[in-house]
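The values are calculated or read from the model by the stated rules, or taken from the named source; none is laboratory data. No experiment lies behind these values; they were computed from the predicted model shown. Ideal geometry is used to build each Cβ from the backbone, glycine not excepted, and the neighbour counts take in all protein chains shown.
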Amino acid sequence: MKEVKILTIDERGRIVIPQIVRKSLGITTNSQLMMISDSEAKEIKISPIGLRDESNLIKLRITMGDTPGALAKLATTFGDLNLSMMYSEAVIIEKGKTAVWTVISESFGSLEELEKILKEKGEALKVEFLSLE
């Protein structure tokens with residue numbers, strides 16, 4: 001069932017998700033939501049992500065070559081490590097040279113080890129760990 005509500009942003013930039021919506025989606029205190037904003041489309045999407053431990057999530061910006069199969073190698077590496085991806089977006093920076101893949105994923109052991117694996121097996125050129133906020 002779809003619920004359509006008009007929400008108002010308060011002076012501190014907050015919105016209230018109505019109780020009926022929270023209940024129907026199973027959103028409770030400390031539930032995690034992912035927000036994706038698209039400034040070109042003037043659109044915001046908010047989705048529950050189903051993980052309760054925020055410390056288990058990481059956001060990465062991975063620079064790779066803009067070559068056929070580069071993204072597939074990195075995605076396969078995530079799969080080989082049994083890491084679920086909650087969000088990903090790839091953008092070509094310079095056609096035929098570089099692209100950037102932004103990923104929100106479950107964490108894997110040490111960040112240094114993950115970076116090493118992504119560079120060696122996934123052929124990433126650069127791996128940056130970003131804040132989730």
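Values as computed for the structure displayed
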{"item": "Considering residues of the range 92-133 that are among the β-branched types (Val, Ile, Thr) and out of contact with any Gly (no Cβ under 7 Å at 6 or more places or on another chain) only, the residue farthest from Met35 (Cα to Cα)", "result": "Ile117"}
{"item": "Hits in the range 95-121 (condition: hydrophobic (A, V, I, L, M, F, W, C) and under 16 Å from Asn56 (Cα atoms))", "result": "Val103, Ile104, Phe108, Leu111, Leu114"}
{"item": "Met64 being under 25 Å from Lys126 (Cα atoms) and free of Cβ contacts under 8 Å to residues at least 24 places away in the same chain", "result": "no"}
{"item": "Residue count for the range 91-104, restricted to those that are surrounded by fewer than 16 Cβ atoms within 10 Å (Cβ to Cβ) and either of a type in the set (Gly, Ala, Ser) or in a loop (DSSP other than H, G, I, E, B) (or both)", "result": "3"}
{"item": "The one condition in (1) touching a residue at least 40 places away in the same chain (Cβ under 8 Å); (2) over 15 Å from Leu33 (Cα atoms); (3) touching a strand residue (DSSP E or B) at 6+ places or on another chain (Cβ under 7 Å) that Glu89 fails to fulfil", "result": "(1)"}
{"item": "Contacts under 8 angstrom Cβ, first residue in the range 12-41 being closer than 22 Å to Ser105 by Cα, partner in a loop (DSSP other than H, G, I, E, B) and of a type in the set (D, E, K, R), 6 or more apart", "result": "Asn30/Arg52; Ser31/Arg52; Gln32/Arg52"}
{"item": "In the range 30-44, the residues that are closer than 18 Å to Leu57 by Cα and out of contact with any Leu (no Cβ under 9 Å at 6 or more places or on another chain)", "result": "Asn30, Leu33, Met34, Met35, Ile36"}
{"item": "Among the candidates Gly65, Gly69, residue that is farther than 17 Å from Leu132 by Cα and touching a Leu at 6+ places or on another chain (Cβ under 7 Å)", "result": "Gly65"}
{"item": "Candidates Thr102, Thr98, Thr77, filtered to the one that is closer than 23 Å to Ser47 by Cβ and among the hydroxyl-bearing types (Ser, Thr, Tyr)", "result": "Thr102"}
{"item": "Options Ser55, Ser39: the member that is at pLDDT below 85, under 22 Å from the mean Cα position of the chain (by Cα) and more than 17 Å from Ala124 (Cβ to Cβ)", "result": "Ser55"}
